[in-house]
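Student: My questions all concern the structure below.
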Amino acid sequence: MQAGLFDIRGFPNGSPFRNRKDIMKPLLSMFCLLFGCGSFAFSQDDRLVVKKDPSDPKRMICELKYATFKVPEGWQPNRSDGKTQCILTKSSDKPGGSSPMIMIDVGKPSDPSAKVLAKSFAKMWSGEVLEKSFNVDGEEGFKIAIPPTEKKVQPTNAIFVIKDSRIFMLIGGAKSDEKLDKVLEQLATDWRWK
């Protein structure tokens with residue numbers, strides 16, 4: 001390779017792309033859409049650290065400020081631009097679609113009881129809190145079931161748990177009758193507090 005064939009940005013000298021921002025911006029946007037812009041690989045956000053699971057190469061381990069968890073098989077972690085800590089989408093789905101997803105939110109609870117908060121959330125979405133509580137690494141969690149709708153993506157299942165005066169909400173949503181309760185249970189079973 002001869003010196004001087006490429007400019008400082010890596011474009012070949014004389015390339016029609018070299019000074020064409022009108023061409024490069026749409027191409028960059030298309031690249032981001034095709035390859036998951038907003039996913040953990042493209043973000044500088046330190047709320048979520050993702051590593052390969054050494055015991056199972058098909059899965060990843062996610063580390064949040066307060067906990068770690070294994071990503072359920074067939075799902076992938078994505079960063080959120082908002083306050084959501086992590087969004088999980090199916091590995092086979094294209095970014096930005098209205099496919100099933102799981103959001104992990106953390107916040108200050110308006111009530112010290114996870115069950116009260118779960119009931120309030122369930123009421124808002126015309127759902128119900130299941131009677132039997134669920135163990136999330138030693139803390140009592142409450143499962144919520146919500147009837148799905150074909151009109152829009154909305155919560156269909158959730159698990160609420162309080163730890164160290166914070167509410168942790170694992171919320172599964174879909175635009176179909178696909179229930180995400182088993183995936184949420186797997187996520188909560190693999191959840192470890194720091």
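Student: In this model, which of LYS90/LYS123; LYS65/LYS179; LYS51/LYS90; LYS151/LYS179; LYS123/LYS152; LYS58/LYS83 are farther than 20 Å apart at the alpha-carbon?
Tutor: Where the Cα-Cα span goes over 20 Å, the pairs concerned are LYS90/LYS123; LYS65/LYS179; LYS58/LYS83.
Student: By how many nm would the segment from ASP164 to SER91 lengthen if fully extended, with 0.36 nm per residue of separation less the alpha-carbon distance?
Tutor: Going from the current span to full extension adds 23.1 nm.
Student: If you keep only loop residues by DSSP, which trypsin sites (Lys or Arg not before Pro) in the stretch 131-164 have at most 15 other Cβ atoms within 10 Å of their Cβ?
Tutor: LYS132, LYS151, LYS152
Student: Take each of the peptides 165-177, 56-68, average the number of other beta-carbon atoms within 10 Å over its residues, and list them starting from the highest.
Tutor: 165-177, 56-68
Every number in this text was worked out from the coordinates using simple rules, so none of it is lab data. This is a predicted model, so every value here is computed, not measured. Cβ atoms come from the backbone with ideal geometry, glycine included; neighbour counts cover every protein chain shown.
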